[in-house]
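See below for the structure under consideration.
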Amino acid sequence: MELLKKPQPSIVIDYDDWLAIDAPQVEAVKVIASVDIAQLLNLITRTDEIQIEFSAFADGRGFSIARILRRAGYGGVIRAVGDVAVDRVAYMQRVGFDAIELKDGEEATLLPRLLGHVKVKYQLSSDGLGPVYA
Amino acid sequence: MYIYNEIDQQLVDERVNQFRDQTQRFLKGEIADDEYRMLRLMNGIYIQRHAPMLRVAVPYGQMTSVQLRALAKVSRTYDKGYGHFTTRQNIQFNWPELAQIPDILADLAQVQMHAIQTSGACIRSVTSDPLAGVAADELADSRPWCEIIRQWSSLHPEFAYLPRKFKIAVTGSKADRAAVQVHDIGLRIVHNIQGELGFEVLVGGGLGRTPIIGQVIRKYLPAKHLLSYLEAILRIYNLHGRRDNKYKARIKILVKAMGVDAFAQLVEAEWQQIKDTDLQLPEAEIKRVSSHFAKPYYLSEQEAGFAQVNSIVDGDFQRWLTHNVLPHQQPGYRIVMVPLKNPLSPPGDITHQQMDGLADLADQYSFGNVRSTHDQNLVLAYVAEKDLYELWHGLADLGLGRANHGTLTDMINCPGLDYCSLANAETLVLSERINEAFDDLDYLYDLGPIELKISGCINACGHHHIGHIGILGVEKGGKQVYQFTLGGSDSEAAQLGKTLGRSIAQDQVVATITIILNTYLALRHGNDETFAQVVQRIGLLPFKEAVYGTAQKTAA
């Protein structure tokens, strides 16, 4: 499973701490869902990985953040961390996540069974597929 | 009627398998309650007072006779032999077993039906004018656009975990039969000066505990940009809508807090970035979807028409013709309203025998098409005048020929405390008593058109805010009491009702309605002045005095 293969970076800096030291080039930055996206977009060339924290299962802001990052041309790793849950992974992959960190106890072996259960995709998103009519 | 192609069919089949797997894992304890809750909600399943409730999508209210028979079969096989049509044109089953729901969905997938996004914090099943494609006052058929929206929103990866539910309604007529002003997004089909089709876009309407009439954020959106504009609105809402308080999480609160202009600017900026991408609808796709809604093979006016229909000497039939039958855009045809307002069952309920029988009548007299309305009725939309009398007999035999369309007893009503775990008060007992008290059709006709809408809690599934008479059940000190509002409207001139006064005890509800009606009858200027017009003209004061004055005298 590609999503699980990308190794965790050795150092991840929280976004606010990163800003406090004027955002030098780093391996990975972790943002929360309320991040100022316009500001983040100005800094994306300075990090190889952006981790988006899902603080709760119901919080879907991270999906739009990933989508906007990919649309802006961000080519680094976008990793979902926090309350990820296997049943959301297929949608995460579609909007542009290419790495995930599963909760404890969620067997990575479940993933192949769950990913892409629904293969039909009606909409355009970040995964290179056009809308169904294109 | 849209017919699935292989891709559409594959999607619903795969969704059934996915949900079956999720449910099996939940039943084995492999998915936590909270997590499964969100997964099942996205597929139309609530856990209610007595049992799970399954809400099946009837996208924009359109069904074939084959689908209606399949719904009948589901109610017979897995439930108690009836279904309940909702105020969002969908149908609910109140007694299925959770473990059997995947089988129900598999059965429904065989007739191109599903429960995708009929609940949950996602883009809900799109609603529309039940008279789309047949209404005499129509600018353009809304159904192709509804289907395009249905496909775009189905399993949209970015918008499955919104701050709160999200409802879109579309109308293609000047008269608003889709209540677009009380939806998160309302779309009105309009033409620009060049005569090109587009949409007026409203945002931020809604009922619930903070009722708000939607505001226009774009006067004209070219049709090809429909999806990119919707996507821009949804993205702004997904990022900025409140998530700290579920009562303040709907888009209407965001729009109100930011101001509609500031919100529109954010949407516009986002839209500029995506409007010229693949989200732009190709002409070929619009044509492909529209071709599914081509006019049926109408008979000529000579063959279908029957000018003497008004002179058939049968009083009951003539009353039905006057009240339940509407004009059609095709000469020689009529639209037949089928109220699901049986005095002995909750508004919107229909038995499996009635579903099967109505499916047969639809095949015989209405090109196999049946529609559901947001006031919990059904419609046969393609009836030749020459068939009206026979059809009326057929409907009467099924117990579906009651000529009360548009009258007081054609009320809408949520299921209330009897079924719903959110409700604070019973509502079905009210509809039962109202039906008992107002069973004289001539009296109802004399009252004219009155929309009575009843909700059992502040979530307002019964749309009480936009009823001419609205009733909201609340619990006070362990007792169920009811707040009245007057002067609401769900029409193109949508308006929120104003509170009449202090709450009314359950056993006084019918008496209160009677006083309100008598006040109207005494104060109207001639029989033609409707209830809504009188409230508009004289305000609530005379009604307040009549209701609370009388109550005080009774108490003394």
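Within the stretch A:74-94, the set of residues being touching a residue at least 12 places away in the same chain (Cβ under 8 Å) and either open to solvent by 20 Å² or more (accessible area, probe 1.4 Å) or among the polar types (S, T, N, Q) (or both) comprises A:Val77, A:Gly82, A:Asp83, A:Asp87, A:Ala90, A:Tyr91, A:Gln93. Within the stretch A:55-71, the set of residues being at pLDDT 95 or above and not charged (D, E, K, R) comprises A:Gly60, A:Gly62, A:Phe63, A:Ser64, A:Ile65, A:Ala66, A:Ile68, A:Leu69. Mind listing whichever residues of the stretch B:503-547 are more than 27 Å from B:Lys479 (Cβ to Cβ) and hydrophobic (A, V, I, L, M, F, W, C)? Across the stretch B:503-547, the qualifying residues are B:Leu521, B:Ala522, B:Leu523, B:Phe531, B:Ala532, B:Val534, B:Val535, B:Ile538, B:Leu541.
Those helices (runs of 4 or more DSSP H) of the stretch B:338-455 in which at least 3 residues are within 27 Å of B:Arg524 (Cβ to Cβ), considering only elements entirely within it, cover B:428-437, B:441-447.
Number of residues in the stretch B:485-503 that are assigned to a strand (DSSP E or B) and surrounded by fewer than 19 Cβ atoms within 10 Å (Cβ to Cβ): the value is 3.
Please count how many residues of the stretch A:87-106 are at pLDDT below 85 and within 9 Å of another protein chain (Cβ to nearest Cβ). So the count comes out to 1.
Can you find even one residue in the stretch B:514-529 that is aliphatic (A, V, I, L, M), open to solvent by less than 30 Å² (accessible area, probe 1.4 Å) and assigned to a loop (DSSP other than H, G, I, E, B)? Checked the stretch B:514-529: no residue is aliphatic (A, V, I, L, M), open to solvent by less than 30 Å² (accessible area, probe 1.4 Å) and assigned to a loop (DSSP other than H, G, I, E, B).
Give the residues of the stretch A:31-40 that are more than 9 Å from chain B (Cβ to nearest Cβ) and surrounded by 15 or more Cβ atoms within 10 Å (Cβ to Cβ), sorted by residue number. Selection gives A:Val31, A:Ile32, A:Val35, A:Leu40. Of all residues in the stretch B:155-198, those being among the hydrophobic types (A, V, I, L, M, F, W, C) and either open to solvent by 40 Å² or more (accessible area, probe 1.4 Å) or more than 30 Å from A:Phe57 (Cα to Cα) (or both) number 10. In this structure, does B:Asn324 turn out to be crowded, with 16+ Cβ neighbours inside 10 Å, within 30 Å of B:Leu391 (Cβ to Cβ) and either more than 14 Å from every other protein chain (Cβ to nearest Cβ) or among the acidic types (Asp, Glu) (or both)? When the stated conditions are applied, B:Asn324 passes them. Residue-level check: of (1) modelled with pLDDT under 95; (2) part of a strand (DSSP E or B), B:Arg334 misses just (1). With a requirement of 1 or more residues that are open to solvent by 20 Å² or more (accessible area, probe 1.4 Å) and closer than 24 Å to B:Lys165 by Cβ, the helices (runs of 4 or more DSSP H) lying completely within the stretch B:1-100 that satisfy it span B:6-27, B:33-41.
A search for C-beta distances below 6 Å between a residue of the stretch A:108-126 that is surrounded by fewer than 18 Cβ atoms within 10 Å (Cβ to Cβ) and any residue that is in a helix (DSSP H, G or I) and at pLDDT below 80, counting only pairs 6+ apart in sequence or on different chains, returns A:Ala108/A:Leu4.
The rows are residues; the columns are (1) free of Cβ contacts under 8 Å to residues at least 60 places away in the same chain; (2) among the polar types (S, T, N, Q); (3) part of a loop (DSSP other than H, G, I, E, B).
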{"residue": "B:Ala132", "(1), (2), (3)": "no, no, yes"}
{"residue": "B:Trp145", "(1), (2), (3)": "no, no, no"}
{"residue": "B:Phe159", "(1), (2), (3)": "no, no, yes"}
{"residue": "B:Arg188", "(1), (2), (3)": "yes, no, no"}
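Scanning the stretch B:79-94 for residues that are under 14 Å from B:Lys341 (Cα atoms) and among the small types (Gly, Ala, Ser) turns up just one, B:Gly83.
Looking at this structure, is B:Asp129 under 19 Å from the mean Cα position of the chain (by Cα), in the same structural domain as B:Ala269 (by TED's automatic domain parsing) and of a type in the set (D, E, K, R)? Judged against the criteria, B:Asp129 is not a match. Residue pairs whose Cβ atoms lie under 8 Å apart, separated by 6 or more positions or on different chains, with the first residue in the stretch B:348-363 and closer than 26 Å to B:Cys414 by Cβ and the second part of a helix (DSSP H, G or I) and of a type in the set (Gly, Ala, Ser), are B:Thr351/B:Ser75; B:His352/B:Ala72; B:His352/B:Ser75; B:Gln353/B:Ala72; B:Met355/B:Ala72; B:Met355/B:Ser75.
Sort out which residues of the stretch A:67-86 are more than 11 Å from chain B (Cβ to nearest Cβ) and in contact with a helix residue (DSSP H, G or I) (Cβ under 6 Å, 6 or more places away or on another chain), and write them in order of number. Of everything in the stretch A:67-86, those that are more than 11 Å from chain B (Cβ to nearest Cβ) and in contact with a helix residue (DSSP H, G or I) (Cβ under 6 Å, 6 or more places away or on another chain) turn out to be A:Tyr74, A:Ile78, A:Ala80. Taking the criterion of being open to solvent by less than 50 Å² (accessible area, probe 1.4 Å) and among the aromatic types (Phe, Trp, Tyr), the residues of the stretch B:407-443 that qualify are B:Tyr419, B:Phe438. Among residues of the stretch A:52-66 that are within 7 Å of another protein chain (Cβ to nearest Cβ) and over 14 Å from A:Leu40 (Cα atoms), those with a Cβ under 6 angstrom from a residue that is of a type in the set (Ser, Thr, Tyr) and buried (at least 20 other Cβ atoms within 10 Å of the Cβ), sequence gap 6+ or separate chain, pair up as A:Ala58/B:Tyr161; A:Gly60/B:Tyr161.
The values are calculated or read from the model by the stated rules, or taken from the named source; none is laboratory data. These numbers come from a predicted model, not from an experiment. All Cβ positions, glycine included, derive from the backbone under ideal geometry; neighbour counts span all protein chains shown. The accessibility values were calculated without ligands, DNA or RNA, using every heavy atom of the protein model including side chains. Shrake-Rupley method; radii C 1.70, N 1.55, O 1.52, S 1.80 Å.
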